[in-house]
Each structure stands twice: as C-alpha cells, then as structure tokens.
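Input: a single structure, listed below in structure tokens.
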Amino acid sequence: MIKTLRRKFIAATMLSLAAVLLVILGGVNLMSYQKVISDADAILELLCANSGTFPEFPAGKRPAQTAAQPPVSADKRGFGERGLSPETPYESRYFSVVLDETGQVGYTDTVQIAAIDDDTAASYAQAVWQSGRTSGFWEDYRYACRSEANGWRIIFLDCGRALSGFRTTLLASVMLALVGLGAVLVLLLILSGRIIRPVAESYEKQKQFITDAGHELKTPLTIISADTDLAEMECGENEWLEDIRRQAQRLTGLTEDLIYLSRMEEAQPRLQFLEFPISDVVEEMAQSFVAPARSQDKNLNIEVRPMISCNGDEKAVRQLVSILMDNALKYAPPGGQLALRLERQGRAVVLTVSNTTVCPVDKESLEHLFDRFYRGDQSRNTQTGGYGLGLSIAKSIVAAHRGKIRAESPAPDTLMILVTLPG
C-alpha cells in the first residue's frame, strides 16, 4: 500500500508539473508562431496593396529635406500604420506570380529572391491555385492571393528565417521541459520516501497493532469458549451460555478477518500462484450455496463456462467466491434473485456475482462498498450479521492477483460485483 501511495504521489506531481509546463511553454510558442504569421501577413498586405512591390519615394530615393518641405514619414509609405519598419523592404525576400482566370501563368517576378527561379515560382503558384486557398503556408513561404484586373496575383514571402527561429525556440523549450521533468522526477524519487515516511510509519504501526491485538485476543476467546462449554456441562443449556458462545465465535471470526486482511495488504502477500481450473473451483463453491439459497426462498442462477484456467492462488480464489456469494445471499430479500457467471473475455477471466436488494442502490454506496466496516444496508446490519470486512478482503485478494474489482448497479434494485483476473 505504501509503495502504491508513493507511486501515485510521484505520478500526480509529475502530471501536474507536465500540465503547467505544457500550458506555459505551449502558450509562449503559440504566441511566437502567431507573431510570425501576423508580421508576414502585414508585409503581404502591403505588397498586395502595391501590386507585388513595396511603395517607393519618387525616383526610388528619399528626397532632400528642406525647411519648406517637411520630411516624408514612414506612415505615408504604409509602413508605420502596419507596425513595420522602414527597413522592411531591404530585409524581405519575396516573389509574385500573376495568373489569368483559368490559372495559366501570365507573369512572374523573382527579382527580390535568389532561391526561387521563374519555373519554381510558377509551379508554386499553380499548386496554390489548385488548392483553392487564398492564404497560408507553402513550405516556408507565406502566400496571399489577390484579384487584379487581368486575373490573380499570388505573392509569396520567404519566412524561412522566422520559422527557423520559431522551430529552434520550440525545440529548446521542449528539451528544457524534458530536462526539468527528469530532474524533478529524480528529486521526487529521492525525497518522496522521506515525505511519506510518517504515513508509512503510522500504517505499519496500525498493521502491527492489529496483528498483535488479534493474537492477544485469541487466547482469552479460546478460554471463554472452553469455560462456556464446561459451564454448559455442569448447568445445562440455557440462553445466556448460548449467547456467550455466539458472541465469542463472532469475535473470533472478526479477529481472524482482521489478521487476514492485514496480511493481504502487505507488500508481498504469501500466495502460491499456480495454474488451476477456475471453472471447477467456482462451480464447486457456487453449488455449496444452492441449498442455503433454497432454504431462504431465494433463486440462485449459476452460469460457469467450462475449461477455464487461471494462474493464481486456488485457496484465495475459493475464499473470494465464498465472500461474494455470502454477501449476495445476505442482502438478497426473500424471493430475490442471485446470479453467478464466470466467463473468459479475451485473455482475462471475468467473475460476476449479482443479487437483488430491498432498497435501491445509490452511487455513493457503490463507491464505499469495499471500505472496511462499511455496509450499504445499515437498517439490516443486525439481521445479516457480518462485520463489513468481507468485500475489503475480496478487494485485497483481487489486488494480490493484479486484477480489478468494481461494483455496479445495472438496475435500481440490483447490485453487481465484477471481478477481472488476468488469465
């Protein structure tokens, strides 16, 4: 149990840290990618507004400034209003292709780029035309389509450097996140033992107390039972001696169940795992409950698929079936229905025990059925007997076999326990 608690603590911490890193680094990289796209779209918008070129000053040069003529600002050239630098035309590499209404190439402009020739530019433009999209990425080029008088102009902007920087940042953040997760995992493996040590010590003391108290109670209970028999031999049978004997037997059973449950929850319970015919074992145990069910006016239906084997402890599995059947028999009302089914689903062995109930089964009860000393039908505790440990022991047996056990309520008045054991 302590090892399971430690593993869950480490897993929860690592998942929480991974989620936080994913949100932070994912948000940072997403904003970085959106920045690349927004900058590229701003440049493409300016190029589209000027027929595939950047706006220029007369004669392609900046005019001389005089006192009578104020300097021409960058905003008048369309840069400032889009958040672009006046140096953008000298930093950008782009090309454009003009297509007619049928998608045929009419003109290509590759003057502002060295990596693309006219044929490559034409093939890119026709591929974009066939895709039907007006903007997006083609390889490392961001493109935009705009209609013109003689057809369509598709402008491609080289975003290779920006995308390369984004990919480098993304890769670095992923690597740093992995290194950080690894470092935290190492620290948790080292420190988690100290963190849960008080819980482990408390649990070990509790388990040791149960074991010691159980052994200490066995002797006085044995003496009480023996003295009761002697008193009965001298005084004859009477209701008081019978009540003493019954309560002594009840305490003996409770003590044995507590000791068994404590042993089953140890890290390595002493079970002998061998392959055995589970079909025969379940059939035999179920048949022993046919007579008690009939005597209590309850109908028991048994469905066991033959020739099913299982690798486990036969004695523990027998006790598991006995606990589940005894629980179903106790809480089924007179005239109620009980059912046991054993089948193989894939490589797993599935055991299902169900019974009708007097009161509807709510979801809160299903969640606590396997807790110690819990009984869902509180109004009938004195009638049914028991200590509320049966399903806890069943859960421990299933866990020792690395299986799963759960409770369901397919109908309001039906309780079903499903056990899945590895084949």
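The values are calculated or read from the model by the stated rules, or taken from the named source; none is laboratory data. Bear in mind that the values here come from a model prediction, so they are computed numbers and not experimental data. Because the Cβ atoms are built from the backbone with ideal geometry, glycine has one as well, and the counts that use them run over all protein chains shown. The area values use the complete protein model at the heavy-atom level, side chains included, leaving out ligands, DNA and RNA. Shrake-Rupley method; radii C 1.70, N 1.55, O 1.52, S 1.80 Å.
Residue-level analysis places ALA122 among those that are more than 30 Å from PHE9 (Cβ to Cβ) and in contact with a strand residue (DSSP E or B) (Cβ under 9 Å, 6 or more places away or on another chain). The single condition among (1) more than 31 Å from the chain's Cα centre (by Cα); (2) open to solvent by 30 Å² or more (accessible area, probe 1.4 Å); (3) modelled with pLDDT under 85 that ALA267 does not meet is (1).
Residues considered: ASP280, ASP313, ASP326. Of these, the only one that is in contact with a Gly (Cβ under 7 Å, 6 or more places away or on another chain) and among the acidic types (Asp, Glu) is ASP326. Could you tell me whether region 217-227 includes any residue that is surrounded by 15 or more Cβ atoms within 10 Å (Cβ to Cβ), closer than 30 Å to THR102 by Cα and not aromatic (Phe, Trp, Tyr)? Taking every residue of region 217-227 in turn, none turns out to be surrounded by 15 or more Cβ atoms within 10 Å (Cβ to Cβ), closer than 30 Å to THR102 by Cα and not aromatic (Phe, Trp, Tyr).
Of all positions in region 131-140, at least one carries a residue that is in a helix (DSSP H, G or I) and over 19 Å from TYR33 (Cβ atoms). The single condition among (1) among the hydrophobic types (A, V, I, L, M, F, W, C); (2) part of a helix (DSSP H, G or I); (3) open to solvent by 50 Å² or more (accessible area, probe 1.4 Å); (4) at pLDDT below 80 that LEU230 does not satisfy is (4).
Number of residues in region 233-248 that are part of a helix (DSSP H, G or I) and either over 20 Å from LEU217 (Cβ atoms) or in contact (Cβ under 8 Å) with a residue 60 or more places away in the chain (or both) equals 7.
Just to verify a result, which residue in region 214-227, among those that are at pLDDT below 75 and touching a Ser or Thr at 6+ places or on another chain (Cβ under 8 Å), is farthest from ALA248 (Cα to Cα)? Looking at residues that are at pLDDT below 75 and touching a Ser or Thr at 6+ places or on another chain (Cβ under 8 Å), I get GLY214. Applying the criterion of being open to solvent by 100 Å² or more (accessible area, probe 1.4 Å) and at pLDDT 90 or above to the residues of region 1-28, the residue that is nearest to the chain's Cα centre (by Cα) is LEU15. All conditions in (1) out of contact with any helix residue (DSSP H, G or I) (no Cβ under 7 Å at 6 or more places or on another chain); (2) buried (at least 18 other Cβ atoms within 10 Å of the Cβ); (3) at pLDDT below 90; (4) not β-branched (Val, Ile, Thr) hold for GLY106, with the sole exception of (2). May I ask you to verify whether GLU256 is modelled with pLDDT under 80, out of contact with any helix residue (DSSP H, G or I) (no Cβ under 6 Å at 6 or more places or on another chain) and surrounded by 12 or more Cβ atoms within 10 Å (Cβ to Cβ)? Against the criterion (modelled with pLDDT under 80, out of contact with any helix residue (DSSP H, G or I) (no Cβ under 6 Å at 6 or more places or on another chain) and surrounded by 12 or more Cβ atoms within 10 Å (Cβ to Cβ)), GLU256 qualifies. Contact map, region 118-142: first residue touching a residue at least 24 places away in the same chain (Cβ under 8 Å), second residue open to solvent by less than 50 Å² (accessible area, probe 1.4 Å) and among the hydroxyl-bearing types (Ser, Thr, Tyr), Cβ cut-off under 6 Å, separation 6 or more or different chains; pairs are ALA121/THR108; ALA121/THR110; ALA122/THR108; VAL128/TYR143.
Among residues of region 321-336 that are in contact (Cβ under 8 Å) with a residue 60 or more places away in the chain, those with a Cβ under 8 angstrom from a residue that is in a loop (DSSP other than H, G, I, E, B) and surrounded by fewer than 16 Cβ atoms within 10 Å (Cβ to Cβ), sequence gap 6+ or separate chain, pair up as TYR331/VAL358. Residues in region 141-176 that are in contact with a Ser or Thr (Cβ under 9 Å, 6 or more places away or on another chain), in a strand (DSSP E or B) and polar (S, T, N, Q): none. Summed over region 29-56, residues that are open to solvent by 80 Å² or more (accessible area, probe 1.4 Å) and either in a loop (DSSP other than H, G, I, E, B) or in contact (Cβ under 8 Å) with a residue 60 or more places away in the chain (or both) total 2. Listed by first and then second residue, the pairs with beta-carbon distance under 9 Å, at least 6 apart or on different chains, first residue in region 301-317 and of a type in the set (A, V, I, L, M, F, W, C) and surrounded by fewer than 13 Cβ atoms within 10 Å (Cβ to Cβ), second at pLDDT 90 or above and in a helix (DSSP H, G or I), are MET307/SER279. Of the helices (runs of 4 or more DSSP H) contained entirely in region 292-395, those carrying at least 1 residues that are at pLDDT 85 or above and farther than 18 Å from ASP413 by Cα fall at 314-331. Residues in region 274-291 that are in a loop (DSSP other than H, G, I, E, B) and open to solvent by less than 60 Å² (accessible area, probe 1.4 Å): 1 in all.
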